[in-house]
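Trainee: Take a look at the following structure, please.
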Amino acid sequence: MVRRYLGVSPGRGGSGRLIRLASVAALAVLALSLSGCLDESPQSTAVIGGEHNQRIWDVYNWLWIGSLFVFILVEGLLLYAIVRGRAAPRTAHGRPVPVHGNTRLEILWTVIPAIVIVLIGIPTLTVLRDLSSTPEHDNTIKVDIVGHQFYFEFRYPELEVSSTNTLHIPAGAMIDINLQSADVIHSFWVPRLAGKTDNVPGRTNYMWLIADEPGTYAGQCAEFCGLGHALMRFQVIAHEQEDFDAWVEEQLAPPTGEGDPTIGEQLVTGGSCAACHAIEGTAAQGVVGPPLTGFASRPEIAGVVENTPENLAAWLANPPAVKPGTAMPPPGLTEAQIQHVIAYLHTLE
Ligand code: CUA
(Lines give C-alpha, C1' and ligand atoms only; values in the text may rest on other atoms or scores of the structure.)
Protein backbone atom coordinates (compact mmCIF):
# COMPACT_ATOMS: atom_id res chain seq x y z
CA MET A 1 0.00 0.00 0.00
CA VAL A 2 2.67 2.48 1.10
CA ARG A 3 4.73 1.72 -1.97
CA ARG A 4 1.79 2.39 -4.24
CA TYR A 5 1.08 5.77 -2.61
CA LEU A 6 4.71 6.78 -2.85
CA GLY A 7 4.61 5.90 -6.55
CA VAL A 8 7.30 3.24 -6.15
CA SER A 9 6.69 -0.14 -7.75
CA PRO A 10 7.51 -3.11 -5.50
CA GLY A 11 9.68 -5.04 -7.92
CA ARG A 12 12.26 -2.35 -8.70
CA GLY A 13 15.66 -2.72 -6.97
CA GLY A 14 16.69 -0.13 -4.35
CA SER A 15 13.20 1.24 -3.75
CA GLY A 16 12.99 -0.44 -0.32
CA ARG A 17 16.23 1.23 0.64
CA LEU A 18 14.86 4.57 -0.56
CA ILE A 19 11.85 4.23 1.73
CA ARG A 20 14.05 3.25 4.66
CA LEU A 21 16.32 6.23 3.98
CA ALA A 22 13.32 8.55 3.82
CA SER A 23 12.02 7.17 7.14
CA VAL A 24 15.41 7.64 8.81
CA ALA A 25 15.63 11.21 7.47
CA ALA A 26 12.12 11.99 8.72
CA LEU A 27 13.01 10.61 12.19
CA ALA A 28 16.24 12.64 12.24
CA VAL A 29 14.34 15.83 11.42
CA LEU A 30 11.83 15.05 14.18
CA ALA A 31 14.61 14.32 16.70
CA LEU A 32 16.43 17.54 15.75
CA SER A 33 13.32 19.66 16.15
CA LEU A 34 12.51 18.04 19.49
CA SER A 35 16.09 18.53 20.71
CA GLY A 36 15.32 22.27 20.73
CA CYS A 37 13.16 21.56 23.78
CA LEU A 38 15.97 19.98 25.82
CA ASP A 39 16.67 21.37 29.27
CA GLU A 40 20.33 22.04 28.47
CA SER A 41 19.51 24.75 25.92
CA PRO A 42 20.56 27.96 27.71
CA GLN A 43 18.29 30.09 25.49
CA SER A 44 15.21 27.87 25.48
CA THR A 45 11.94 29.49 26.51
CA ALA A 46 10.71 25.97 27.29
CA VAL A 47 12.79 25.96 30.48
CA ILE A 48 10.75 28.04 32.89
CA GLY A 49 12.94 30.08 35.23
CA GLY A 50 10.33 32.40 36.73
CA GLU A 51 6.79 33.68 36.89
CA HIS A 52 6.90 35.96 33.82
CA ASN A 53 7.84 33.06 31.54
CA GLN A 54 5.36 30.82 33.38
CA ARG A 55 2.48 33.19 32.58
CA ILE A 56 3.38 33.13 28.88
CA TRP A 57 3.50 29.34 28.96
CA ASP A 58 0.06 29.17 30.58
CA VAL A 59 -1.37 30.93 27.50
CA TYR A 60 0.72 28.81 25.17
CA ASN A 61 -0.50 25.56 26.76
CA TRP A 62 -4.11 26.74 26.60
CA LEU A 63 -3.67 27.49 22.86
CA TRP A 64 -1.93 24.19 22.25
CA ILE A 65 -4.62 22.07 23.94
CA GLY A 66 -7.34 24.10 22.17
CA SER A 67 -5.61 23.64 18.81
CA LEU A 68 -5.39 19.90 19.41
CA PHE A 69 -9.12 19.80 20.12
CA VAL A 70 -9.91 21.80 16.94
CA PHE A 71 -7.55 19.62 14.90
CA ILE A 72 -9.23 16.39 16.05
CA LEU A 73 -12.70 17.87 15.44
CA VAL A 74 -11.89 19.14 11.91
CA GLU A 75 -10.02 16.01 10.84
CA GLY A 76 -12.84 13.86 12.26
CA LEU A 77 -15.44 15.78 10.26
CA LEU A 78 -13.24 15.50 7.16
CA LEU A 79 -12.95 11.70 7.52
CA TYR A 80 -16.70 11.49 8.15
CA ALA A 81 -17.37 13.51 4.96
CA ILE A 82 -15.00 11.35 2.90
CA VAL A 83 -16.64 8.11 4.04
CA ARG A 84 -20.24 9.35 3.90
CA GLY A 85 -19.61 11.23 0.63
CA ARG A 86 -19.07 7.97 -1.24
CA ALA A 87 -22.71 7.06 -0.75
CA ALA A 88 -24.03 10.58 -1.62
CA PRO A 89 -26.43 11.00 -4.57
CA ARG A 90 -24.69 11.55 -7.96
CA THR A 91 -25.40 13.75 -11.00
CA ALA A 92 -25.72 12.34 -14.50
CA HIS A 93 -21.92 12.80 -14.86
CA GLY A 94 -21.21 10.69 -11.78
CA ARG A 95 -20.26 13.68 -9.56
CA PRO A 96 -21.79 14.36 -6.12
CA VAL A 97 -24.87 16.64 -6.25
CA PRO A 98 -23.77 20.19 -5.17
CA VAL A 99 -25.29 21.56 -1.96
CA HIS A 100 -26.28 25.26 -1.68
CA GLY A 101 -27.44 27.51 1.12
CA ASN A 102 -27.64 25.48 4.31
CA THR A 103 -28.42 28.38 6.70
CA ARG A 104 -28.00 26.36 9.86
CA LEU A 105 -24.51 25.15 8.80
CA GLU A 106 -23.43 28.65 7.74
CA ILE A 107 -24.44 30.17 11.08
CA LEU A 108 -22.66 27.33 12.86
CA TRP A 109 -19.34 27.81 11.07
CA THR A 110 -19.45 31.56 11.62
CA VAL A 111 -20.26 31.32 15.32
CA ILE A 112 -17.68 28.62 16.18
CA PRO A 113 -14.60 30.64 15.01
CA ALA A 114 -15.97 33.69 16.83
CA ILE A 115 -16.16 31.64 20.06
CA VAL A 116 -12.63 30.32 19.43
CA ILE A 117 -11.29 33.89 19.05
CA VAL A 118 -12.94 34.93 22.33
CA LEU A 119 -11.48 31.85 24.09
CA ILE A 120 -8.00 32.79 22.81
CA GLY A 121 -8.44 36.53 23.35
CA ILE A 122 -9.51 36.55 27.01
CA PRO A 123 -6.50 34.66 28.47
CA THR A 124 -4.09 36.46 26.10
CA LEU A 125 -5.30 39.95 27.06
CA THR A 126 -5.38 39.01 30.75
CA VAL A 127 -1.73 37.94 30.68
CA LEU A 128 -0.71 41.00 28.61
CA ARG A 129 -2.33 43.22 31.24
CA ASP A 130 -0.65 41.37 34.13
CA LEU A 131 2.79 41.55 32.47
CA SER A 132 2.52 45.30 31.87
CA SER A 133 2.33 46.37 35.53
CA THR A 134 4.44 45.32 38.50
CA PRO A 135 2.69 42.83 40.78
CA GLU A 136 2.87 43.60 44.51
CA HIS A 137 5.98 42.02 46.01
CA ASP A 138 7.78 42.48 49.33
CA ASN A 139 11.22 42.56 47.70
CA THR A 140 11.18 44.79 44.62
CA ILE A 141 14.33 46.09 42.93
CA LYS A 142 14.23 48.81 40.27
CA VAL A 143 16.63 48.48 37.33
CA ASP A 144 17.03 50.83 34.37
CA ILE A 145 18.35 48.88 31.40
CA VAL A 146 19.95 50.95 28.63
CA GLY A 147 20.77 49.36 25.27
CA HIS A 148 23.98 50.50 23.57
CA GLN A 149 25.69 49.32 20.39
CA PHE A 150 26.57 46.64 21.47
CA TYR A 151 26.02 45.99 25.14
CA PHE A 152 23.45 46.47 27.86
CA GLU A 153 24.02 48.81 30.79
CA PHE A 154 22.23 48.04 34.05
CA ARG A 155 21.56 50.92 36.47
CA TYR A 156 20.07 50.42 39.91
CA PRO A 157 18.68 53.90 40.73
CA GLU A 158 17.78 53.08 44.33
CA LEU A 159 21.04 51.28 45.14
CA GLU A 160 23.19 53.80 43.22
CA VAL A 161 25.26 51.11 41.53
CA SER A 162 25.51 49.98 37.93
CA SER A 163 27.02 47.24 35.80
CA THR A 164 27.39 46.24 32.17
CA ASN A 165 26.80 42.92 30.42
CA THR A 166 25.87 41.14 33.66
CA LEU A 167 22.60 41.85 35.44
CA HIS A 168 22.97 40.89 39.10
CA ILE A 169 19.70 40.20 40.93
CA PRO A 170 18.59 38.35 44.06
CA ALA A 171 16.71 35.12 43.31
CA GLY A 172 13.02 35.40 44.14
CA ALA A 173 12.98 39.22 44.01
CA MET A 174 10.67 41.23 41.76
CA ILE A 175 12.85 43.07 39.23
CA ASP A 176 10.98 46.17 38.10
CA ILE A 177 12.56 47.19 34.79
CA ASN A 178 12.58 50.38 32.71
CA LEU A 179 14.03 49.88 29.23
CA GLN A 180 15.75 52.67 27.30
CA SER A 181 18.23 52.98 24.45
CA ALA A 182 21.24 55.23 23.92
CA ASP A 183 21.28 54.81 20.13
CA VAL A 184 19.12 52.40 18.07
CA ILE A 185 16.38 49.89 18.84
CA HIS A 186 17.54 46.87 20.85
CA SER A 187 15.46 44.17 22.50
CA PHE A 188 16.09 42.85 26.00
CA TRP A 189 15.51 39.11 26.14
CA VAL A 190 16.29 36.45 28.77
CA PRO A 191 14.49 33.44 27.26
CA ARG A 192 14.20 31.38 30.46
CA LEU A 193 12.92 34.28 32.53
CA ALA A 194 10.74 36.56 30.41
CA GLY A 195 9.43 37.53 27.00
CA LYS A 196 11.42 40.07 24.97
CA THR A 197 10.74 43.81 25.22
CA ASP A 198 12.31 46.50 23.00
CA ASN A 199 14.67 49.26 24.09
CA VAL A 200 13.48 52.17 21.95
CA PRO A 201 15.37 55.50 21.68
CA GLY A 202 13.34 58.39 23.09
CA ARG A 203 10.87 56.34 25.10
CA THR A 204 10.79 54.15 28.18
CA ASN A 205 9.38 50.64 27.93
CA TYR A 206 8.47 48.59 30.91
CA MET A 207 8.72 44.96 32.03
CA TRP A 208 9.29 42.86 35.13
CA LEU A 209 10.86 39.50 35.85
CA ILE A 210 11.59 37.10 38.70
CA ALA A 211 14.23 34.35 38.76
CA ASP A 212 12.90 31.61 41.04
CA GLU A 213 16.25 29.90 41.62
CA PRO A 214 19.82 31.21 42.00
CA GLY A 215 21.82 30.61 38.83
CA THR A 216 23.06 32.09 35.58
CA TYR A 217 20.58 32.84 32.80
CA ALA A 218 21.66 33.57 29.23
CA GLY A 219 20.37 36.72 27.54
CA GLN A 220 20.59 38.10 24.03
CA CYS A 221 19.66 41.30 22.23
CA ALA A 222 16.74 40.18 20.07
CA GLU A 223 16.45 43.08 17.62
CA PHE A 224 18.95 43.60 14.79
CA CYS A 225 20.90 46.70 15.84
CA GLY A 226 24.04 46.68 13.69
CA LEU A 227 27.14 44.61 12.96
CA GLY A 228 27.68 43.61 16.58
CA HIS A 229 24.07 42.47 17.14
CA ALA A 230 24.80 38.72 17.22
CA LEU A 231 27.51 39.33 19.83
CA MET A 232 25.26 41.49 22.01
CA ARG A 233 24.89 38.78 24.61
CA PHE A 234 24.66 39.23 28.35
CA GLN A 235 23.87 37.19 31.41
CA VAL A 236 21.61 37.45 34.39
CA ILE A 237 23.12 36.13 37.62
CA ALA A 238 20.53 35.41 40.29
CA HIS A 239 22.25 35.38 43.69
CA GLU A 240 21.12 34.38 47.14
CA GLN A 241 20.01 37.61 48.85
CA GLU A 242 23.17 37.89 51.02
CA ASP A 243 25.45 37.37 48.01
CA PHE A 244 23.56 40.07 46.14
CA ASP A 245 23.93 42.44 49.11
CA ALA A 246 27.67 41.67 49.19
CA TRP A 247 27.93 42.46 45.46
CA VAL A 248 26.19 45.83 45.97
CA GLU A 249 28.52 46.62 48.88
CA GLU A 250 31.56 45.75 46.78
CA GLN A 251 30.33 48.11 44.04
CA LEU A 252 29.83 50.91 46.54
CA ALA A 253 33.23 50.50 48.19
CA PRO A 254 35.71 53.16 47.07
CA PRO A 255 38.57 51.82 44.92
CA THR A 256 41.43 50.77 47.19
CA GLY A 257 44.01 52.07 44.73
CA GLU A 258 45.87 48.82 44.94
CA GLY A 259 45.14 45.57 43.20
CA ASP A 260 46.70 42.13 43.20
CA PRO A 261 48.60 41.57 39.93
CA THR A 262 48.26 37.77 40.28
CA ILE A 263 44.47 38.01 40.36
CA GLY A 264 44.68 40.56 37.54
CA GLU A 265 46.69 38.14 35.42
CA GLN A 266 44.07 35.41 35.89
CA LEU A 267 41.32 37.85 34.94
CA VAL A 268 43.10 39.03 31.79
CA THR A 269 44.70 35.86 30.44
CA GLY A 270 41.96 33.49 31.54
CA GLY A 271 38.96 35.71 30.80
CA SER A 272 37.28 37.38 27.87
CA CYS A 273 40.20 39.87 27.41
CA ALA A 274 42.26 37.01 25.94
CA ALA A 275 39.72 36.57 23.13
CA CYS A 276 40.86 39.87 21.57
CA HIS A 277 44.29 40.71 23.01
CA ALA A 278 47.65 38.94 22.93
CA ILE A 279 50.28 39.08 25.67
CA GLU A 280 53.63 37.42 24.93
CA GLY A 281 54.36 34.37 27.06
CA THR A 282 50.75 33.89 28.22
CA ALA A 283 47.63 32.07 27.05
CA ALA A 284 46.24 35.37 25.75
CA GLN A 285 46.66 35.18 21.97
CA GLY A 286 43.71 37.15 20.54
CA VAL A 287 44.28 39.15 17.36
CA VAL A 288 41.15 41.36 17.19
CA GLY A 289 42.45 44.11 19.51
CA PRO A 290 45.98 45.51 19.91
CA PRO A 291 48.53 43.31 21.72
CA LEU A 292 49.12 44.30 25.36
CA THR A 293 52.76 43.22 25.59
CA GLY A 294 54.73 46.17 26.97
CA PHE A 295 51.54 48.01 27.95
CA ALA A 296 53.09 49.68 31.03
CA SER A 297 55.63 51.57 28.92
CA ARG A 298 53.06 52.98 26.50
CA PRO A 299 52.34 56.70 26.88
CA GLU A 300 48.65 56.45 25.99
CA ILE A 301 45.62 54.21 26.36
CA ALA A 302 43.96 53.39 23.03
CA GLY A 303 45.87 56.37 21.63
CA VAL A 304 43.50 58.89 23.25
CA VAL A 305 44.25 59.43 26.94
CA GLU A 306 47.40 59.43 29.03
CA ASN A 307 48.29 56.02 30.49
CA THR A 308 47.53 56.71 34.18
CA PRO A 309 45.81 54.38 36.67
CA GLU A 310 42.78 56.76 36.83
CA ASN A 311 42.38 56.85 33.05
CA LEU A 312 42.89 53.09 32.82
CA ALA A 313 40.18 52.57 35.46
CA ALA A 314 37.79 54.77 33.45
CA TRP A 315 38.70 52.94 30.25
CA LEU A 316 38.15 49.48 31.80
CA ALA A 317 34.80 50.56 33.26
CA ASN A 318 33.45 51.80 29.93
CA PRO A 319 35.74 52.04 26.87
CA PRO A 320 33.13 53.69 24.55
CA ALA A 321 32.77 56.54 27.08
CA VAL A 322 36.48 57.29 26.71
CA LYS A 323 36.75 56.65 22.96
CA PRO A 324 33.37 56.78 21.19
CA GLY A 325 33.12 54.18 18.45
CA THR A 326 35.76 51.85 19.89
CA ALA A 327 35.19 48.19 19.10
CA MET A 328 35.93 47.27 22.74
CA PRO A 329 32.75 46.68 24.74
CA PRO A 330 32.71 47.26 28.51
CA PRO A 331 34.39 44.13 29.90
CA GLY A 332 31.91 43.92 32.79
CA LEU A 333 34.54 44.00 35.57
CA THR A 334 33.74 45.01 39.14
CA GLU A 335 35.58 47.96 40.72
CA ALA A 336 37.83 45.56 42.64
CA GLN A 337 38.57 43.50 39.52
CA ILE A 338 39.49 46.67 37.64
CA GLN A 339 42.12 47.46 40.32
CA HIS A 340 43.57 43.93 39.97
CA VAL A 341 43.70 44.26 36.17
CA ILE A 342 45.43 47.66 36.42
CA ALA A 343 48.02 46.20 38.81
CA TYR A 344 48.70 43.37 36.35
CA LEU A 345 48.83 45.55 33.21
CA HIS A 346 51.39 47.79 34.92
CA THR A 347 53.72 44.79 35.28
CA LEU A 348 53.84 44.44 31.47
CA GLU A 349 57.01 46.46 30.86
CU1 CUA B 1 21.28 45.30 20.26
CU2 CUA B 1 20.72 43.70 18.62
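The values are calculated or read from the model by the stated rules, or taken from the named source; none is laboratory data. Predicted model only: the values in this text are computed from it and were never measured. Cβ sites come from the backbone with ideal geometry, for glycine too, and all protein chains shown count toward neighbours. Each accessible area value is taken on the protein alone, full model and side chains, heavy atoms only, with ligands, DNA and RNA left out. Shrake-Rupley method; radii C 1.70, N 1.55, O 1.52, S 1.80 Å.
Trainee: Would you check which residues across region 147-164 are open to solvent by less than 20 Å² (accessible area, probe 1.4 Å), more than 13 Å from the ligand (Cβ to nearest atom) and modelled with pLDDT of 90 or more and list them?
Mentor: Scanning region 147-164 gives Phe154, Tyr156.
Trainee: For the subset of region 74-98 comprising residues that are outside any helix (DSSP H, G or I) and among the β-branched types (Val, Ile, Thr), which member is nearest to Leu108 (Cα to Cα)?
Mentor: Val97
Trainee: Filter region 194-240 for residues that are closer than 15 Å to Thr45 by Cβ and within 12 Å of the ligand (Cβ to nearest atom); which is least open to solvent (accessible area, probe 1.4 Å)?
Mentor: Gly219
Trainee: For region 165-193, which positions are touching a residue at least 60 places away in the same chain (Cβ under 8 Å), more than 16 Å from the chain's Cα centre (by Cα) and either within 13 Å of the ligand (Cβ to nearest atom) or open to solvent by less than 10 Å² (accessible area, probe 1.4 Å) (or both)?
Mentor: Ile169, Pro170, Ala173
Trainee: Let me ask you something else. What is the residue count in region 295-326 for residues that are at positive phi and of a type outside the set (A, V, I, L, M)?
Mentor: Residues flagged as at positive phi and of a type outside the set (A, V, I, L, M) within region 295-326 amount to 2.
Trainee: Here's another thing I want to ask about it. Is it fair to say Leu333 is closer than 24 Å to Ser162 by Cβ and part of a loop (DSSP other than H, G, I, E, B)?
Mentor: yes
Trainee: How about region 278-319: which of its residues are within 31 Å of the chain's Cα centre (by Cα), open to solvent by less than 30 Å² (accessible area, probe 1.4 Å) and within 19 Å of Gln339 (Cβ to Cβ)?
Mentor: Listed by number, the residues that qualify are Ala313, Trp315, Leu316, Pro319.
Trainee: Filter region 32-47 down to the residues that are open to solvent by 70 Å² or more (accessible area, probe 1.4 Å) and either modelled with pLDDT of 90 or more or not in a helix (DSSP H, G or I) (or both) and list them by number.
Mentor: Cys37, Leu38, Asp39, Glu40, Pro42, Gln43
Trainee: Suppose we keep only residues that are of a type in the set (Gly, Ala, Ser) and assigned to a helix (DSSP H, G or I) within region 241-277. Which one would you say is least open to solvent (accessible area, probe 1.4 Å)?
Mentor: Gly264
Trainee: Of the numbered conditions (1) open to solvent by 70 Å² or more (accessible area, probe 1.4 Å); (2) in contact (Cβ under 8 Å) with a residue 24 or more places away in the chain; (3) of a type outside the set (Asp, Glu), Ile115 fails exactly one; give the number of that condition.
Mentor: The one condition Ile115 does not meet is (2).
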